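Got a structure here, written out as structure tokens. Questions coming.
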Amino acid sequence: MTPSIPDKLDKLLLHLSLTISIVVVFGLPAVSAFIAYSDLSKELTFKARIKANAQKEMITTLPQTWMFAENRMQGILAREPVLLENEFVQIFDDQGNELTSAGEPIKGRFIQRSYPLYDLYRIVGKVVVSTSLSHVIHNTLVSSVLGLFMGSLVLLVLWFLPVKKLRRLSTELSEEKQQAEVTLQSIHDGVLRTDKKGSLVYLNPAAEKLIGRSFYELNRKAISEILTLIDEQTNSEVESALYKAINTKRSASCQGRCSLISHDNRTIAVEEQAVPLLDNSGKLIGGVLCLSDVTIFRKRLKQQSWQASHDSLTGLINRREFEERVAKAIERAQVEKRSGLLCFMDLDGFKIVNDTCGHNAGDELLIQLSRIISAQVRTSDSVARLGGDEFGLLLDGCDEERGRIIANSILSAVKNFHFFYNGKSNTVGISIGMTSVTSRSRKAKDVMSEADSACYWAKESGRHRLCIFQDNKAELTARRNEVSWVERIKSALEEDRFSLYYQTFQTLSDRTGPRQHLEILLRLVSESGELIPPGRFFPAAERYNLMPQIDQWVINKVFSEFHNIRADHGDSGLMVNINLSGASINCLELCDFIKAKITQYNIDTTSICFEITETVAVRNLRAATDFINECKQIGIQFAIDDFGTGANFFSYLKNIPVDYLKIDGSFVKNIEQDEVDRAMTETINRIGHLLGKITIAEFAENQPIIDILNEIGVDFAQGFGVCKPMPLIKT
């Protein structure tokens, strides 16, 4: 069993106490004896020198016979200093023969000291003084007894007095050490401690698990042999931060890019924190390295970073990341003179699939189309989902010729793609707007706006085609005109400078009853009083999202004058048709606005019919259906305007709960001369009646057309041949 630190400290303290006590026991008599012996030796030497100097005058006077003058030598020896009891003085010649002596010879142990006798500068003999060591021995014995007593006292003082405090301190130190060891054993971070050369001296279990080896196997090995660290981005080996901490005597770390290759070939994302170990004088004694396993954290961080820059549905980059890449492409174009292309792509017919087949089908369609688009571009290009059914494409370092080839391959791939869902095949198109990214480009939003405009013109030109942005004067003029119309529309709304007109329908069928119908028409009154038709300002209003405000103005105006309108036409069964735009259909607040106005003006809802165009209905099928159903719950009726212009108009007609079909005027106006237009009109009318809809033919410009419509069986005729637009409100 390994002794504890307190036991080790007790043993050390005992040995120290015994050592000091022994030193005291033997040191005190030894020192006392040495001092006594030394003092006695000095005293005897001093006496021998005095006695020798006293004989010097006689020797000088009798250089040849002094050794025979014993009485005289005795007399000199009797002078000061007087001999003490136990002292014995002898005079010898240069041959070592004793000439005379004084005192009693010493018995037992003694000490003697001599001093030479000089005849001028020649030694002719010596004086020897001896004395007994009994006094020194006696003092030594007394010192020994005293030393034994003092040694015992020292042992008691050192052993018993501080031991309690020292034991308490050692216990506290032991507990702290134990707590530190338990803490190191328990924490999930790997902790390694080295000496000043970087050789391992400690390893906790977490570090053993990370490294894949035990401390027994790695003890005293260099950290460079134990840890294999690599840079995640370059995959090159890097040095541990511990060496930097040891070399600089400062804390060091490696965060964000470091991975550990364990001995069992696991790759673990880690962060290093290293600190040097210094003693009280600041001298380096080692280092500590903490390894944190951040694999899960770094994985989540990468996932969050990916989610922040990618579309979760398609896996393509999102608008934010795309705009950043466009901005960098502009920088490269300005610095490296390397141009590129930017494409804005909008799907044609996506909303039909999304509304008829459901959002899950729409999501799956977007996923498949994103793969088809990505397959047509280069690996260096960036494809993004910008939102909804809009995509972006950045062709970096690509000229217009190559860009056209890529865009046309996308058009071809999308055209040939058939989307199958629940046993049904659906097709979509894609309109692409392209613009250049050059050194003249300024901001990403400006370049994207150019591509967006080109995409808009691609749609306006017939959809599913490529349109290259041309910054020409005609387009700039059109844009400036649109912007000027925005201010004029806003001003007209604020100043109430819109005027309402109406056009009545002619009843052609008995199945509709005697109810009179009229459609509300809108004109803008300029500041000079000119009446401006909607065809001039509606494009700008639609582009800049002003249609909801215009529609609400019309609804409020018609409802506020509804009772006067019905009184003027003298028919309690009057039906008033009001046109709504696609932007209003998608406006969540419109239903609440309509209900509020109905309550405010006490409107008979069975006398109101909202008209939406076929294009609006198809593009916003789900929103249009929800809006129609909600309004029909309060009695409002609906009509599909310009019906028959869409490619698939019959496929969704039965899913839209409308009451009226307004046959598009393009079929009606040439019905006298064109048999195909007549056949189309007859077909739409027949299918409408089969579905229980009331039919209305637009562009009935003359009586012959009205007669043909009557012959076909259309329910109502509308046009200049019936009624020209007239002011709705009499002033």
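Of these, 441, 425, which one is out of contact with any strand residue (DSSP E or B) (no Cβ under 6 Å at 6 or more places or on another chain), assigned by TED's automatic domain parsing to the domain that holds residue 337 and surrounded by 15 or more Cβ atoms within 10 Å (Cβ to Cβ)?
Only one candidate passes the filter, namely 441.
Being of a type in the set (A, V, I, L, M) and assigned to a loop (DSSP other than H, G, I, E, B) is the filter; apply it to region 56-112 and report the residue that is surrounded by the fewest Cβ atoms within 10 Å (Cβ to Cβ).
Per the criteria, the residue is 82.
Taking region 537-578, which residues are modelled with pLDDT of 85 or more and of a type in the set (Lys, Arg)?
557, 566, listed by residue number.
Look at region 214-249 and say how many of its residues are over 32 Å from the mean Cα position of the chain (by Cα), assigned to a loop (DSSP other than H, G, I, E, B) and surrounded by 13 or more Cβ atoms within 10 Å (Cβ to Cβ).
Residues flagged as over 32 Å from the mean Cα position of the chain (by Cα), assigned to a loop (DSSP other than H, G, I, E, B) and surrounded by 13 or more Cβ atoms within 10 Å (Cβ to Cβ) within region 214-249 amount to 1.
What's the total number of residues in region 521-553 that are crowded, with 19+ Cβ neighbours inside 10 Å, in contact with a Leu (Cβ under 6 Å, 6 or more places away or on another chain) and under 21 Å from residue 593 (Cβ atoms)?
1
Taking only pairs six or more apart or across chains, which ones have beta-carbon atoms under 6 Å, a first residue in region 79-104 that is at negative phi and acidic (Asp, Glu), and a second residue that is buried (at least 17 other Cβ atoms within 10 Å of the Cβ) and assigned to a loop (DSSP other than H, G, I, E, B)?
87/103
Considering only residues that are within 24 Å of residue 697 (Cα to Cα) and part of a loop (DSSP other than H, G, I, E, B), which ones fall in region 513-538?
Hits for region 513-538 are 513, 514, 515, 516, 533.
So which of 685, 710 ends up being under 29 Å from residue 354 (Cα atoms) and over 60 Å from the mean Cα position of the chain (by Cα)?
685
Can residue 277 be described as touching a residue at least 60 places away in the same chain (Cβ under 8 Å) and in contact with a Leu (Cβ under 8 Å, 6 or more places away or on another chain)?
Here the answer is yes, as residue 277 does meet what is asked.
Right, residue 383: closer than 21 Å to residue 317 by Cα and in the same structural domain as residue 321 (by TED's automatic domain parsing) or not?
So residue 383 passes the test.
Within region 646-665, is even one residue assigned to a helix (DSSP H, G or I), touching a residue at least 12 places away in the same chain (Cβ under 8 Å) and under 20 Å from residue 722 (Cβ atoms)?
The answer is yes; a qualifying residue exists.
Taking region 539-598 as the search range and keeping residues that are under 20 Å from residue 516 (Cα atoms) and of a type in the set (Phe, Trp, Tyr), which one is nearest to the chain's Cα centre (by Cα)?
559
Scan region 640-676 for residues that are surrounded by 14 or more Cβ atoms within 10 Å (Cβ to Cβ), of a type outside the set (Asp, Glu), within 20 Å of residue 352 (Cβ to Cβ) and modelled with pLDDT of 85 or more and jot them down.
640, 658, 661
In the list 430, 406, 410, 372, which residue meets the criterion of being of a type in the set (Val, Ile, Thr), at pLDDT 90 or above and surrounded by fewer than 19 Cβ atoms within 10 Å (Cβ to Cβ)?
Selected residue: 372, the only one of 430, 406, 410, 372 that is of a type in the set (Val, Ile, Thr), at pLDDT 90 or above and surrounded by fewer than 19 Cβ atoms within 10 Å (Cβ to Cβ).
Here's another thing I want to ask about it. For region 308-322, how many residues meet the condition of being surrounded by fewer than 15 Cβ atoms within 10 Å (Cβ to Cβ) and either in a helix (DSSP H, G or I) or in contact with a Pro (Cβ under 9 Å, 6 or more places away or on another chain) (or both)?
So the answer is 2.
The values are calculated or read from the model by the stated rules, or taken from the named source; none is laboratory data. It should be emphasised that the depicted structure is a prediction, and the values quoted were computed from it without experimental measurement. Every residue, glycine as well, gets a Cβ built from its backbone with ideal geometry; the counts of neighbours run over all protein chains shown.
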